[in-house]
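The values are calculated or read from the model by the stated rules, or taken from the named source; none is laboratory data. What you see is a predicted model, and the numbers here were worked out from it, not measured in a lab. So basically every Cβ, Gly included, is an ideal-geometry build from the backbone, and we count neighbours across all protein chains shown. What goes into the accessible areas is simple: the full protein's heavy atoms, side chains included, and nothing from ligands, DNA or RNA. Shrake-Rupley method; radii C 1.70, N 1.55, O 1.52, S 1.80 Å.
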Amino acid sequence: MNFGDFLEQYLALSKQQWEFQNAEEKPLWGWVAGIMDGEGSVQIVRLYHQGRDHYHNNLVLSVTNTNRAMVLRLKEITHVGAIGQANRPTKGHKVAHRWVCKTQQATTVLLLCLPWLVTKQQHAVIALAFHDLQKMPHRFQRPLPEWNVSKRGALIEALHILNKRGIKEG
């Protein structure tokens with residue numbers, strides 16, 4: 001499947017998610033998508049589980065901003081995530097606040113924002129595809145099938161490239 005096929009698939013899922021949304025909150029999701037496009041971060045982070053002695057990849061969606069009211073409003077609209085301080089205040093720098101949600105909550109937010117996302121649309125589609133691979137029936141099988149590991153790795157690398165700072169070629 002190419003990007004267009006994935007986008008079409010996830011836009012259809014997004015439409016299904018909309019059926020469960022409160023009519024009063026629906027217009028607010030365009031605002032959430034705008035915040036995600038400008039201030040948001042879509043990442044797949046690698047976590048180490050000491051008790052199980054293995055690594056695990058986790059989908060993380062976050063927004064960092066110095067305006068605490070904006071971050072609180074984001075949590076109020078999405079009904080998910082946690083808010084914390086993103087940095088230690090230093091001389092000459094404001095305190096930054098971070099809203100974070102992970103895994104299933106992150107996929108729900110991405111699906112609801114997808115119709116309005118512009119700059120983060122590719123990020124969202126890659127993250128949603130990764131999450132789909134994470135929840136497949138063989139996820140508890142060890143070792144994982146090679147095709148799954150390969151696809152996950154490709155998606156992690158694609159998202160890493162999109163998240164690099166600087167000028168993007170092509």
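Of the strands (runs of 3 or more DSSP E) lying entirely inside segment 1-112, those containing at least 2 residues that are modelled with pLDDT of 80 or more and more than 23 Å from H131 (Cα to Cα) are 82-85.
Only one of the numbered conditions (1) open to solvent by 50 Å² or more (accessible area, probe 1.4 Å); (2) part of a helix (DSSP H, G or I); (3) modelled with pLDDT of 90 or more is violated by W147, and that is (3). Of all the residues in segment 7-30, those that are under 16 Å from the mean Cα position of the chain (by Cα) and among the hydrophobic types (A, V, I, L, M, F, W, C) number 4. Restricting attention to segment 84-104, the residues being open to solvent by 80 Å² or more (accessible area, probe 1.4 Å) and either closer than 20 Å to L13 by Cα or touching a Lys or Arg at 6+ places or on another chain (Cβ under 9 Å) (or both) number 3. Here the condition is being touching a residue at least 60 places away in the same chain (Cβ under 8 Å) and either of a type in the set (S, T, N, Q) or at negative phi (or both); of H56, H123, it holds for H123 alone.
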